[in-house]
Amino acid sequence: MKTSLARYVRRALILGGAAIVLVACKADEVEVELDVQQLQSAADGAEVMAEFEAVFSNLGELDNEQRAQVDAVRDILEQYMAIDDFELETTDTGFEVTIEGEIPVINAPRADHAYFIAVSESASLPAYHRVALQTGDDFTAMEGEMSAISFMLSPDAHHPTKFRVDGESSSLLAPAAEVDGRAYLLYDAPLEDRVRLIQKDGPFDRVGAGFFIRLAD
(Lines give C-alpha, C1' and ligand atoms only; values in the text may rest on other atoms or scores of the structure.)
Protein backbone atom coordinates (compact mmCIF):
# COMPACT_ATOMS: atom_id res chain seq x y z
CA MET A 1 0.00 0.00 0.00
CA LYS A 2 2.84 2.38 0.81
CA THR A 3 4.41 1.55 -2.56
CA SER A 4 1.16 2.36 -4.37
CA LEU A 5 0.85 5.66 -2.52
CA ALA A 6 4.42 6.61 -3.33
CA ARG A 7 3.87 5.74 -7.00
CA TYR A 8 0.70 7.87 -7.04
CA VAL A 9 2.45 10.86 -5.45
CA ARG A 10 5.40 10.54 -7.84
CA ARG A 11 3.05 10.40 -10.84
CA ALA A 12 1.12 13.43 -9.58
CA LEU A 13 4.31 15.45 -9.23
CA ILE A 14 5.39 14.53 -12.76
CA LEU A 15 2.03 15.47 -14.24
CA GLY A 16 1.94 18.67 -12.23
CA GLY A 17 5.36 19.69 -13.48
CA ALA A 18 4.36 19.03 -17.08
CA ALA A 19 1.32 21.29 -16.79
CA ILE A 20 2.84 24.11 -14.78
CA VAL A 21 2.38 26.82 -17.43
CA LEU A 22 -0.27 29.34 -16.38
CA VAL A 23 -2.25 26.78 -14.38
CA ALA A 24 -5.90 27.18 -15.38
CA CYS A 25 -4.90 30.57 -16.84
CA LYS A 26 -6.14 32.46 -13.78
CA ALA A 27 -4.38 35.78 -13.31
CA ASP A 28 -2.94 36.94 -10.01
CA GLU A 29 -4.65 40.22 -10.89
CA VAL A 30 -6.05 42.05 -13.88
CA GLU A 31 -5.88 45.84 -13.65
CA VAL A 32 -8.16 47.89 -15.91
CA GLU A 33 -7.74 51.66 -16.28
CA LEU A 34 -10.97 53.58 -16.87
CA ASP A 35 -12.05 57.18 -16.74
CA VAL A 36 -15.49 58.75 -16.49
CA GLN A 37 -15.22 60.33 -19.94
CA GLN A 38 -14.58 56.90 -21.48
CA LEU A 39 -17.57 55.44 -19.66
CA GLN A 40 -19.80 58.33 -20.78
CA SER A 41 -18.70 57.88 -24.40
CA ALA A 42 -19.43 54.16 -24.22
CA ALA A 43 -22.83 54.82 -22.64
CA ASP A 44 -23.59 57.19 -25.53
CA GLY A 45 -22.90 54.42 -28.04
CA ALA A 46 -19.22 54.80 -28.95
CA GLU A 47 -16.74 51.94 -28.69
CA VAL A 48 -13.65 53.04 -26.80
CA MET A 49 -10.58 51.15 -25.60
CA ALA A 50 -9.26 50.90 -22.05
CA GLU A 51 -5.79 49.82 -21.04
CA PHE A 52 -5.29 46.66 -19.00
CA GLU A 53 -2.47 44.69 -17.43
CA ALA A 54 -2.71 41.04 -16.38
CA VAL A 55 -0.08 39.24 -14.30
CA PHE A 56 0.23 35.46 -14.10
CA SER A 57 2.79 33.69 -11.94
CA ASN A 58 3.74 30.10 -11.22
CA LEU A 59 6.28 28.02 -9.34
CA GLY A 60 9.03 25.97 -10.91
CA GLU A 61 11.42 26.34 -13.81
CA LEU A 62 10.28 26.35 -17.41
CA ASP A 63 11.63 23.69 -19.75
CA ASN A 64 11.68 24.01 -23.53
CA GLU A 65 8.26 22.39 -23.95
CA GLN A 66 6.68 24.77 -21.46
CA ARG A 67 8.31 27.79 -23.10
CA ALA A 68 6.83 26.63 -26.38
CA GLN A 69 3.42 26.49 -24.70
CA VAL A 70 3.82 30.06 -23.48
CA ASP A 71 4.69 31.16 -27.03
CA ALA A 72 1.63 29.34 -28.35
CA VAL A 73 -0.59 31.05 -25.77
CA ARG A 74 0.82 34.41 -26.83
CA ASP A 75 -0.01 33.72 -30.48
CA ILE A 76 -3.59 32.78 -29.58
CA LEU A 77 -4.11 35.81 -27.36
CA GLU A 78 -2.89 38.11 -30.13
CA GLN A 79 -5.56 36.66 -32.44
CA TYR A 80 -8.39 37.47 -30.05
CA MET A 81 -7.20 40.48 -28.04
CA ALA A 82 -5.36 43.75 -28.58
CA ILE A 83 -2.01 42.85 -26.98
CA ASP A 84 0.69 45.54 -26.78
CA ASP A 85 3.26 43.70 -24.69
CA PHE A 86 3.81 40.12 -23.50
CA GLU A 87 6.73 39.53 -21.15
CA LEU A 88 8.01 36.30 -19.63
CA GLU A 89 10.35 36.77 -16.67
CA THR A 90 12.12 34.33 -14.39
CA THR A 91 11.63 34.93 -10.66
CA ASP A 92 13.31 33.48 -7.56
CA THR A 93 10.54 30.89 -7.21
CA GLY A 94 9.44 30.34 -10.79
CA PHE A 95 8.26 32.58 -13.58
CA GLU A 96 5.90 35.45 -14.26
CA VAL A 97 4.01 36.49 -17.37
CA THR A 98 2.84 40.09 -17.73
CA ILE A 99 0.40 40.98 -20.49
CA GLU A 100 -0.48 44.56 -21.41
CA GLY A 101 -3.05 45.62 -23.95
CA GLU A 102 -6.41 47.23 -24.57
CA ILE A 103 -9.95 46.04 -23.93
CA PRO A 104 -13.13 47.35 -25.60
CA VAL A 105 -15.58 49.42 -23.54
CA ILE A 106 -19.05 49.26 -25.10
CA ASN A 107 -22.74 49.76 -24.40
CA ALA A 108 -23.89 46.22 -25.18
CA PRO A 109 -24.86 43.17 -23.12
CA ARG A 110 -23.15 40.88 -25.63
CA ALA A 111 -20.21 41.22 -28.00
CA ASP A 112 -17.81 39.22 -30.18
CA HIS A 113 -14.77 40.24 -28.13
CA ALA A 114 -13.15 37.61 -25.90
CA TYR A 115 -13.26 40.09 -23.02
CA PHE A 116 -14.93 43.49 -22.87
CA ILE A 117 -16.21 46.11 -20.44
CA ALA A 118 -19.99 46.41 -20.64
CA VAL A 119 -21.51 49.80 -19.74
CA SER A 120 -25.29 49.81 -19.44
CA GLU A 121 -28.07 51.57 -17.59
CA SER A 122 -28.75 49.73 -14.35
CA ALA A 123 -32.13 48.01 -14.16
CA SER A 124 -32.06 47.94 -10.36
CA LEU A 125 -30.44 51.30 -9.56
CA PRO A 126 -32.10 54.21 -11.40
CA ALA A 127 -29.70 56.95 -12.57
CA TYR A 128 -26.71 54.59 -12.33
CA HIS A 129 -24.78 52.79 -15.03
CA ARG A 130 -23.49 49.27 -14.48
CA VAL A 131 -19.85 48.70 -15.47
CA ALA A 132 -18.76 45.06 -15.66
CA LEU A 133 -15.88 43.00 -17.04
CA GLN A 134 -17.43 40.28 -19.20
CA THR A 135 -16.58 37.58 -21.73
CA GLY A 136 -17.91 37.70 -25.29
CA ASP A 137 -18.55 35.19 -28.06
CA ASP A 138 -14.85 34.91 -29.02
CA PHE A 139 -14.02 33.64 -25.54
CA THR A 140 -15.30 30.17 -26.37
CA ALA A 141 -13.15 29.95 -29.52
CA MET A 142 -10.09 31.25 -27.66
CA GLU A 143 -10.72 28.78 -24.84
CA GLY A 144 -10.91 25.91 -27.32
CA GLU A 145 -7.59 26.79 -28.97
CA MET A 146 -5.80 27.15 -25.65
CA SER A 147 -7.28 23.93 -24.29
CA ALA A 148 -6.06 22.12 -27.42
CA ILE A 149 -2.48 22.90 -26.34
CA SER A 150 -3.16 21.59 -22.82
CA PHE A 151 -6.35 21.18 -20.82
CA MET A 152 -4.53 22.98 -18.00
CA LEU A 153 -4.36 26.10 -20.21
CA SER A 154 -8.12 26.54 -20.39
CA PRO A 155 -8.57 30.26 -19.53
CA ASP A 156 -10.74 31.41 -16.66
CA ALA A 157 -13.64 33.65 -17.56
CA HIS A 158 -13.19 35.74 -14.41
CA HIS A 159 -10.08 36.90 -12.60
CA PRO A 160 -9.16 38.93 -9.51
CA THR A 161 -9.70 42.45 -10.81
CA LYS A 162 -8.53 45.94 -9.92
CA PHE A 163 -10.39 48.84 -11.51
CA ARG A 164 -8.61 52.19 -11.56
CA VAL A 165 -11.28 54.79 -12.21
CA ASP A 166 -10.30 58.41 -12.89
CA GLY A 167 -12.53 61.47 -13.07
CA GLU A 168 -15.49 62.85 -11.17
CA SER A 169 -18.90 61.46 -10.32
CA SER A 170 -21.44 62.23 -7.62
CA SER A 171 -21.59 58.55 -6.66
CA LEU A 172 -19.76 55.28 -7.26
CA LEU A 173 -20.98 52.00 -5.74
CA ALA A 174 -18.90 48.83 -5.64
CA PRO A 175 -20.04 45.64 -3.88
CA ALA A 176 -17.56 43.70 -1.73
CA ALA A 177 -14.64 45.88 -2.82
CA GLU A 178 -11.28 46.62 -1.24
CA VAL A 179 -10.19 50.26 -1.40
CA ASP A 180 -6.90 51.49 0.08
CA GLY A 181 -6.49 48.27 2.05
CA ARG A 182 -9.94 48.47 3.60
CA ALA A 183 -12.73 46.03 2.73
CA TYR A 184 -16.30 47.26 2.21
CA LEU A 185 -19.56 45.33 2.07
CA LEU A 186 -20.63 48.15 -0.24
CA TYR A 187 -18.23 50.92 -1.18
CA ASP A 188 -20.33 54.09 -1.61
CA ALA A 189 -18.62 57.43 -2.16
CA PRO A 190 -18.29 60.31 -4.60
CA LEU A 191 -15.50 60.00 -7.16
CA GLU A 192 -13.43 63.15 -6.86
CA ASP A 193 -10.21 62.22 -8.62
CA ARG A 194 -9.24 58.55 -8.65
CA VAL A 195 -10.18 55.35 -6.89
CA ARG A 196 -8.78 51.82 -7.07
CA LEU A 197 -11.28 49.03 -6.48
CA ILE A 198 -10.17 45.43 -5.94
CA GLN A 199 -12.71 42.62 -6.28
CA LYS A 200 -11.75 38.95 -6.07
CA ASP A 201 -12.63 35.45 -4.83
CA GLY A 202 -16.02 34.04 -3.89
CA PRO A 203 -18.89 35.14 -6.15
CA PHE A 204 -16.52 37.22 -8.27
CA ASP A 205 -14.99 33.94 -9.51
CA ARG A 206 -18.39 33.16 -11.04
CA VAL A 207 -19.89 36.51 -12.07
CA GLY A 208 -16.85 38.76 -12.54
CA ALA A 209 -16.00 42.20 -11.22
CA GLY A 210 -18.02 45.37 -11.65
CA PHE A 211 -19.42 48.55 -10.13
CA PHE A 212 -22.15 51.16 -10.51
CA ILE A 213 -21.58 54.84 -11.26
CA ARG A 214 -23.58 58.00 -11.89
CA LEU A 215 -22.47 59.39 -15.24
CA ALA A 216 -24.80 62.36 -15.49
CA ASP A 217 -27.00 64.14 -12.94
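The values are calculated or read from the model by the stated rules, or taken from the named source; none is laboratory data. All of these numbers come straight from a predicted model, not from anything done at the bench. Counting neighbours? That spans all protein chains shown, and the Cβs are built from the backbone with ideal geometry, glycine included. Calculation scope for accessible area: heavy atoms of the full protein, side chains included, ligands and nucleic acids excluded. Shrake-Rupley method; radii C 1.70, N 1.55, O 1.52, S 1.80 Å.
Give me a comma-separated list of calculated 3J(HN,Hα) values for the range 36-47, in order, Karplus coefficients 6.51, -1.76, 1.60 applied at θ = phi - 60°, integers in Hz, x for any Gly or Pro.
Result, ordered by residue: 4, 4, 4, 5, 5, 4, 5, 4, 7, x, 7, 9 Hz.
Go through A148, A127, V70 and say which Cα lies farthest out towards the positive end of the charge dipole of the chain; charges sit on Cβ, +1 for Lys and Arg, -1 for Asp and Glu.
Ranked along the dipole, the leading option is A148.
At q = 0.14, 0.18 Å⁻¹, what is the base-10 log of I(q)/I(0) for the chain according to the Debye formula with one equal point scatterer per Cα and no solvent? Please give it to two decimals.
Debye curve over Cα of the chain, log10 I(q)/I(0) at q = 0.14, 0.18 Å⁻¹: -0.88, -1.28.
For the range 20-126, what does the accessible surface come to per residue with a 1.4 Å probe? Please give it in Å².
Values: 5480 Å² over 107 residues.
Accessible area per residue, the range 20-126: 51 Å².
With θ taken as phi - 60° and the coefficients 6.51, -1.76 and 1.60, list the Karplus ³J(HN,Hα) couplings across the range 62-70 in order, rounded to whole Hz; mark glycine and proline as x.
Values per residue, Gly and Pro as x: 8, 9, 4, 5, 5, 5, 5, 5, 4 Hz.
What residues have an amide H closer than 5 Å to that of A111, excluding those fewer than 5 places away on the same chain, when H is modeled at 1.01 Å from N in the peptide plane?
D137
Using Cα-Cα distances under 8 Å and only pairs 6 or more residues apart, what relative contact order does the range 51-130 have, in percent? Each step should come with its number before you reach the end.
Working: 115 pairs, mean separation 23.2, N = 80.
For the range 51-130, the relative contact order is 29 percent.
Given the C-alpha centroids of the range 35-110 and the range 111-148, what is the distance between them in whole angstrom?
Rounded to whole Å, the Cα centres lie 15 Å apart.
Report the net charge of residues surrounding A50, where surrounding means a beta-carbon distance below 10 angstrom and charges are Lys +1, Arg +1, Asp -1, Glu -1.
Details: positive: R164; negative: E33, D35, E51, E102.
It works out to a net charge of -3.
Taking amide H atoms as placed 1.01 Å from N in the peptide plane, list the residues 5 or more away in sequence, or in a different chain, whose amide H sits under 5 Å from that of E121.
The answer is R130.
Any chance you could look up the accessible area of K200 with a 1.4 Å probe, heavy atoms only, rounded to 10 Å²?
Only protein atoms counted, so the area is about 110 Å².
Counting helices only, and only those DSSP H runs with n ≥ 4, report the 222 nm mean residue ellipticity of the chain as the sum of -39,500 (n - 2.57) divided by its residues, in deg cm²/dmol to the nearest 500.
The helix contribution divided over the chain gives -8000 deg cm²/dmol.
Which value, in debye to the nearest 20, describes the size of the charge dipole of the range 104-147 about its Cα centre when Lys and Arg Cβ atoms bear +1, Asp and Glu Cβ atoms bear -1, and nothing else is charged?
On the way: 2 positive and 6 negative charges, 57 e Å.
For this selection, approximately 280 debye.
Below 8 Å between Cα atoms, with a sequence gap of 6+, how large is the relative contact order for the chain in percent? Intermediate results must be reported in sequence, preceding the final value.
Details: 468 pairs, mean separation 46.3, N = 217.
With pairs under 8 Å counted, the relative contact order is 21 percent.
Read phi for every residue in the range 128-136 and hand back ³J(HN,Hα) as whole Hz from Karplus 6.51 cos²θ - 1.76 cosθ + 1.60, θ = phi - 60°, with x for Gly and Pro.
With coefficients 6.51, -1.76 and 1.60, one gets 10, 10, 8, 10, 9, 7, 10, 9, x Hz.
In debye, nearest 20: dipole of the range 29-214 around its Cα centre with unit charges on the Cβ of K, R (+) and D, E (-)? Could you put the intermediate results ahead of the total?
On the way: 12 positive and 38 negative charges, 202 e Å.
Computed charge dipole of the range 29-214: roughly 980 debye.
Given H placed on each backbone N at 1.01 Å, which residues far from S171 in sequence or on other chains put an amide H within less than 5 Å of it?
Result for S171 returns L191, R214.
How many percent of the accessible area of the range 129-217 is carbon or sulfur, using a 1.4 Å probe?
Details: 2170 of 4470 Å².
Here carbon and sulfur together make up 48 percent of the probe-accessible area.
Label E192 and D84 with points 7 Å out from Cα along Cα→Cβ: what is the distance between them in nm?
3.0
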